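Any read-out appearing in this document is the output of simple, stated calculations on the displayed coordinates, not a laboratory observation. Please read these numbers as outputs of a predicted model, since none were measured by experiment. Every residue, glycine as well, gets a Cβ built from its backbone with ideal geometry; the counts of neighbours run over all protein chains shown.
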Amino acid sequence: MDYLKCWLSDLFDVIENSEQPENHIELLKKCGGNCAKRNLLPSMSGLREELDGKSDMIEIAKIISRHTGAECIPTSDGFILTYNRGKACDCALVNGGYVTSPVFCNCTLGFHETVWSTMFERPVTVELLETFLRGGDCCSQKITFI
């Protein structure tokens, strides 16, 4: 597994030093979206059903919190989702010590875009507010409906 850690470290070094990081960020977002489709969305049908037809963001935030265990704060155009405060990143690649680069947090952009656009059946954008790999004590994103 040391080979995998080295390979991933080399990959993120290349991305960090790239003259066109936006191409690499899009790749990470696509990988994150595929991860969500493969690993999380199959188990979220109950949340999807409960959100169906809801429009009150306070009610939506309570439903999301109940299903995910995350703090969910409604905003005028979406919500802020905060989880694992004072704990650790959910990603197995980070927890396993395979990835330490803060560039990797761009993967979560695609992960959450896929999750929340699927849950609400409409496009969303995701803004990273805080992440563990970027020195935070939680993972927090602002989800905005487009």
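Ranking request for peptides 79-86, 18-25: highest mean number of other beta-carbon atoms within 10 Å first, then the rest in descending order.
On the way: 79-86: 16.4, 18-25: 11.5.
Final packing ranking: 79-86, 18-25.
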Tell me, what ³J(HN,Hα) does each residue in the stretch 8-15 have, in order and in whole Hz, if you take phi through Karplus 6.51 cos²θ - 1.76 cosθ + 1.60 with θ = phi - 60° and put x for Gly and Pro? 5, 4, 4, 4, 6, 4, 4, 4
Just to confirm the number: angle between the C-alpha axis of helix 57-68 and the first principal axis of the chain, 0 to 90 degrees, nearest 10? 50 degrees
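Can you show me the helix-derived [θ] at 222 nm for the chain, built from DSSP H runs with n ≥ 4 at -39,500 (n - 2.57) apiece and divided by the number of residues, rounded to the nearest 500. Walk me through the intermediate numbers first.
Working: 6 runs with 72 residues, N = 146.
That comes out to -15500 deg cm²/dmol.
Express in nm, to one decimal, how much length is gained between Asn17 and Lys62 on full extension, taking 0.36 nm for each residue of separation and deducting their alpha carbon distance. Display every interim value, and only then the final one.
Numbers: separation 45, 0.36 × 45 = 16.20 nm, distance 4.12 nm.
Length gained between Asn17 and Lys62: 12.1 nm.
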Taking amide H atoms as placed 1.01 Å from N in the peptide plane, list the residues 5 or more away in sequence, or in a different chain, whose amide H sits under 5 Å from that of Thr75. Ile80
Just to confirm the filter: which GluC sites (Glu not before Pro) across the stretch 49-131 are DSSP coil and have at most 14 other Cβ within 10 angstrom of their Cβ? Glu121
Crossing angle, helix 106-120 versus the chain [Cα axis fit, 0-90 degrees, rounded to tens]: 20 degrees
Normalised by the number of residues in the stretch 4-146, what is the relative contact order in percent for Cα pairs under 8 Å and 6+ residues apart? 30 percent
